[in-house]
Every structure is written in C-alpha cells, then in structure tokens.
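Undergrad: Please find one structure pasted underneath; my questions will follow.
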Amino acid sequence: MQIILGITGGIAAYKAAELARLLVNRGHRIRCVLTEAGARFITPLTLSSLTGEPCYGANPDQGEWRANPSIEHIELARWADLVAVVPATANILGKAANGLADDLLSTVLLATRAPVLWAPAMNTGMWEHPAVQANLVRLRSFGHAVVEPGEGALACGEEGSGKLAEVASIAEAIQAQGTPKLRSLRDRQVLITAGPTREDLDPVRILTNRSTGTMGIELARAFRDVGARVHLVLGGEAPAPWGVETTRVHSAQQMLEACLARWANSDGLVGAAAVADQRPERPSPEKVKKGEGPETLVLVRTPDILAQLSSVRRPDQWVLGFAAESEHHLEHAMAKLKKKGLDAVLVNDIQGGRGFGAQASTLTPLTAQGPHPPLGPQSKDQLARAVVQWWAQRLEVRPE
Ligand code: CTP
C-alpha cells in the first residue's frame, strides 16, 4: 500500500516513527505529512530517513525540508491508498470533521478519496469532551476508522484515557482498513476456534498439545480485513488480534459452550482449534500427591465442537474444518468431511514435524467434489489470506 502518515502535535508523535518503520518493513510505502505542531515533536529528517521517501510540511509554501516543492496536496491525496493520522490531536479531528482545510495535512484529508484512519492521543479531559466525541461520530459517519486510545499515565501527569493505542494495533487497523472488502464476506459473522484446549488433571497439571494458535489467529485477521465480523474463541496464551471480539476458553467443553452461544447468529464457522480429544475422567480438586495418585489415568472423550455445531446448522450456514494428517491425507480428510458434515476441509500435511509452529506451510482444500490446488507453501499470515480468498470465491457461487 501507499500510505500517507499524518503526524500532528503531541508527545506521542515519536511513536509515529516506530509505526513508519514497522509499515516499511511490511512492504508499504510511507510518505509523512507533518503539521506545524507535529514538526516541533519529531523531525522530518527522522521520518524521511526511516521511510526513504520525502517528508512533507505544514503549509504548501513552507519549509526548506520539503523534498519536492512542486508536489501539491492533490497529488499527495491521489497517491495515497490510505491516509492514517497518528497521533491525531483534538484540533485535527475538529478540522476534518467540519471540512476545514488550512494546511497541507487538512487539505490532503479533504481532497483524498482513500480510506482514512485516526489514532487519537490527547489529555483525558479533551478526549472525553462532547465536542471531540461528536467529531468522532461525524468522522465515523464518513466511513473513517478510529483506533481508540487506551488508558494509562499520560504525559500531562494525569491518569486516564487518551493514551495513543499500541503501535502494533494501529498497524493492524491500517492493514484492515486498507484491504479491499469481499462481497461474500462483508458484514458476515464468522466464528473461529483457535489454539489448544487444556484439560485439568488437578489444580496444577493439565493435558494439552503443542498448538500455538497462529493459524486460527491469522484466519481471524484475514476474515476481519476483508470485512467480516469475527468472533474468535481462543484457547492458550497467544494474544488476541486487534479488532476481533474474542472469548478466552480453557477446556473443550468451554470452547463448545462459547461456540454454541454464538452459532445461531453466525454465518459460518472455521474450526482451527487443536481441541484435546480426551480429558481425565475425574479431575482432582486437590493437587495429586506422589504415591497417592492412580497409576493409570482414565481418559474420556471431549465433545467434537465442529461435529456438534455442524449437526445443528441451518442450510445458509457454512462450516470449514482442518485436518492434520501424516499419511493417506486425502482419504482421511474426506472421511472427516463426510462424518462431520463440513463444506470443506483444509488438509495440513504434518509428516516430519511440519504444521505445528512451522514457518511455511501448505494447505490443500478439499470439498465433497475432491481436492483443490494446494495453497502455499507460505507463511501462516499469507496462507490465511489465501484460504479466505479461496473460500470467498466459493461462497460467491454457492447457492444460498
Ligand atoms: N475438532 C473439534 N472438536 C474436537 C476435535 C476436533 O472441533 N473435539 C475440529 C478441529 O478444530 C479441526 C477438526 O475438527 O477443524 C479436526 O478433526 P479431528 O477429527 O480431531 O482430526 P485430527 O485433529 O486431524 O485428529 P485425528 O486424525 O486423530 O482424528
């Protein structure tokens, strides 16, 4: 993407440098536009050095550091695939909400047709002021996205909301805002299970597996980016992605209950979790002592979440599952597809340690008609995007 990063006057302006670097590392082109106040907090030299692109100034006729004086606000506005303002002061929010344009950044914001994203940062009193909140409502009504500030110690010495959101979250929001939306998934509710489940043996011991949850989390991001409303039911410790409603669960039973609670309101389900297939028959409420415990651990089956949700689905709901196989991949996966009543299975070849925690993976989509061309090998974030594109295409032609 070609991104214009607007930087306005606030102490959090230094974090814009970190954001610019992160976005450049992810392959985006970044051109920074500093307001006059922004330029008091961070230098154009820092930004142009980090981005390898010129940094633009407050007024079209101002500033010796404008690398290309011939460029106009219209050209910049056209160049952008997305305009992000990080940090955004109450002042720039007010100007943009009311169509005022008296410097380069506010003019670009008015002239651009690209998506716009705001990451505000200010004193708590200013953030909570009805004028600022009303401006945000207005900006959202234009289709702009807002990455809400967090709470914490502010530079003004106060404690409260108004602290710039985490740089990583802003980068995710930029990715989401800049990704083209897919008709078959836009505003659709997608339920995703991810991560390992854990079954208690006693208060300190658990049965679990090596799943990192990465694939399910990347799928949640990929569905979010194309416009779906994602609800992630997540086991394990991995952090939840930005902009995805998440329910944390421990055991398979909890994962099932969290999914059942949302299934009726969902358009589709992706079962990416590595659900423990067994649990101890009688977990001990107290820590089991050496020598006192049973020699044999008696295990019973956990519920099959995918199969249970699939068995109660409406005809308009779709269900995708995963199959990790080390031999006879397609035969085993086809048996799972039929047994669990799935629309498609993404088959993962885990022979020789591939799969769990691997850097590059391959998935072969399988439907009742047979296997489709494999996706990958690629990193899990790219693979998740490929899965979403593949499935969205199938949804386009799927009878309702
Ligand atoms: N799954 C589930 N609930 C379970 C077990 C699995 O929802 N209790 C889902 C997984 O999220 C995945 C698919 O079912 O989408 C995998 O099916 P499973 O039959 O467990 O296959 P494998 O994990 O490949 O294991 P096995 O080959 O041992 O059956």
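The values are calculated or read from the model by the stated rules, or taken from the named source; none is laboratory data. Bear in mind that the values here come from a model prediction, so they are computed numbers and not experimental data. Ideal geometry is used to build each Cβ from the backbone, glycine not excepted, and the neighbour counts take in all protein chains shown. What goes into the accessible areas is simple: the full protein's heavy atoms, side chains included, and nothing from ligands, DNA or RNA. Shrake-Rupley method; radii C 1.70, N 1.55, O 1.52, S 1.80 Å.
Undergrad: Out of everything in segment 261-286 that is surrounded by 16 or more Cβ atoms within 10 Å (Cβ to Cβ) and in a helix (DSSP H, G or I), what residue ends up being farthest from the ligand (Cβ to nearest atom)?
TA: It comes out as Arg262.
Undergrad: Quick check on segment 236-245. Is at least one of its residues within 14 Å of the ligand (Cβ to nearest atom) and in the same structural domain as Leu201 (by TED's automatic domain parsing)?
TA: yes
Undergrad: Give the residues of segment 187-205 that are farther than 14 Å from Glu245 by Cβ and within 16 Å of the ligand (Cβ to nearest atom), sorted by residue number.
TA: Within segment 187-205, Gly195, Pro196, Thr197, Arg198, Glu199 meet the criteria.
Undergrad: State which residue pairs qualify: first residue hydrophobic (A, V, I, L, M, F, W, C) and inside segment 268-284, second residue within 7 Å of the ligand (Cβ to nearest atom) in any location, beta carbons under 7 Å apart, and separation of 6 or more residues or different chains.
TA: Correct list of pairs: Ala272/Thr193; Ala272/Phe322; Ala273/Thr193; Val275/Ala252; Val275/Thr302; Val275/Ile305; Ala276/Ala252; Ala276/Thr302.
Undergrad: Which numbered condition trips up Thr302, out of (1) touching a strand residue (DSSP E or B) at 6+ places or on another chain (Cβ under 6 Å); (2) over 30 Å from Val167 (Cβ atoms); (3) more than 13 Å from the ligand (Cβ to nearest atom)?
TA: Exception for Thr302: condition (3).
Undergrad: Looking only at segment 85-105, filter to residues that are open to solvent by less than 30 Å² (accessible area, probe 1.4 Å), assigned to a helix (DSSP H, G or I) and in contact (Cβ under 8 Å) with a residue 60 or more places away in the chain; which one of those is farthest from Ile3 (Cα to Cα)?
TA: In this case the residue turns out to be Ile92.
Undergrad: Residues to consider are Leu309, Leu366, Leu330; find the one that is more than 10 Å from the ligand (Cβ to nearest atom) and either modelled with pLDDT of 95 or more or among the basic types (Lys, Arg) (or both).
TA: Step by step, each of Leu309, Leu366, Leu330 is checked, and only Leu366 is more than 10 Å from the ligand (Cβ to nearest atom) and either modelled with pLDDT of 95 or more or among the basic types (Lys, Arg) (or both).
Undergrad: Given the structure, is Ala119 more than 30 Å from Ala264 (Cβ to Cβ), in a strand (DSSP E or B) and open to solvent by less than 20 Å² (accessible area, probe 1.4 Å)?
TA: yes
Undergrad: Taking segment 287-321 only, how many residues are acidic (Asp, Glu) and open to solvent by less than 70 Å² (accessible area, probe 1.4 Å)?
TA: 2
Undergrad: Let me ask something else. Any residue at all in segment 247-259 that is part of a helix (DSSP H, G or I), at negative phi, touching a Lys or Arg at 6+ places or on another chain (Cβ under 6 Å) and in the same structural domain as Arg313 (by TED's automatic domain parsing)?
TA: no
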